[in-house]
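Notes follow once the structure below has been shown.
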Amino acid sequence: FVDANRDIHLWAESYNGTLDDVFDIQEKVSAKIVSEFRLQLTKDEKDSLQKRYTENTEAFQLYLQGRYFWNKRNEEGLNTAIRYFEKAIETDPDYALAWAGLADTYNLLGEFTNRSRRELYPKAKRAVSKALEIDNQLAEAHISLGLLIMLNEWDWINSGNEYQAGIKLNPNYATGHHWYAEWLLFMGRTTEAIEEISIAVKLDPVSPAI
């Protein structure tokens, strides 16, 4: 870990294992960081660090590949992302993150391609509903629902509520701040929008979309 503002090396450690060990390694790294930096976490924060969204490493890898292509923000990338998210769901039907990723992709296809929102909307709605059915405390699913409502229903109150709910559940989800910034722009709240997108940039400075 490096403090980028001061260019100071804070902590580093190596962990060895196989792909099957990835979740155990993630938990060990999280626990070590908390210990090294003497962080005081709430019960909810501790539970969040220990939470596993899937026990299936193949589904996890497929989800990561889906997000990689989703981030390309073009028709080919988004269509490829759908295939990876669907494979992740086939591997683990209760993988709420993959359902949220699928919803995000259908939402963005309406933005970056000529495909009809009338066709895409029910697919996105089914996917986000499934994500929330599996885990109604999943920040990514609430953010997905916020975007769905904003782009298709133009229900500004409820879309704003979903963005705020998602950000409260996971304040470090860069995409949540990104899309909430867009909502604030639509509301004419420019200063707040700039603040939100600045948070998104700090959280994910290499994201092309942000």
Self-check item: Checklist (1) in contact (Cβ under 8 Å) with a residue 24 or more places away in the chain; (2) surrounded by 23 or more Cβ atoms within 10 Å (Cβ to Cβ) applied to Ile134, failing item
Solution: (2)
Quiz item: Do you know which residues across segment 162-210 are more than 22 Å from Gln137 (Cα to Cα), in a helix (DSSP H, G or I) and of a type in the set (Ser, Thr, Tyr)?
Solution: Thr190, Thr191, Ser198
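Just a yes or no: is a residue in segment 112-131 open to solvent by 30 Å² or more (accessible area, probe 1.4 Å) and under 13 Å from the mean Cα position of the chain (by Cα)? Before you say what the answer is, go through the steps one by one.
So in segment 112-131, the residues open to solvent by 30 Å² or more (accessible area, probe 1.4 Å) come out as 112, 114-119, 121-123, 125-126, 129-130.
After this cut, where a residue has to be under 13 Å from the mean Cα position of the chain (by Cα) as well, the list is none.
Looking for residues that are open to solvent by 30 Å² or more (accessible area, probe 1.4 Å) and under 13 Å from the mean Cα position of the chain (by Cα), one finds none in segment 112-131, hence no.
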Practice problem: Tell me which of these Met150 doesn't satisfy, since it passes every other one: (1) more than 15 Å from Asn71 (Cα to Cα); (2) in a helix (DSSP H, G or I); (3) open to solvent by 70 Å² or more (accessible area, probe 1.4 Å). | Solution: (3)
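The values are calculated or read from the model by the stated rules, or taken from the named source; none is laboratory data. What you see is a predicted model; the values in this text were computed from it and never measured. For neighbour counting, all protein chains shown are included, and Cβ atoms are generated from backbone atoms with ideal geometry for every residue, glycine included. For accessibility, only protein heavy atoms count, side chains too; no ligands or nucleic acids. Shrake-Rupley method; radii C 1.70, N 1.55, O 1.52, S 1.80 Å.
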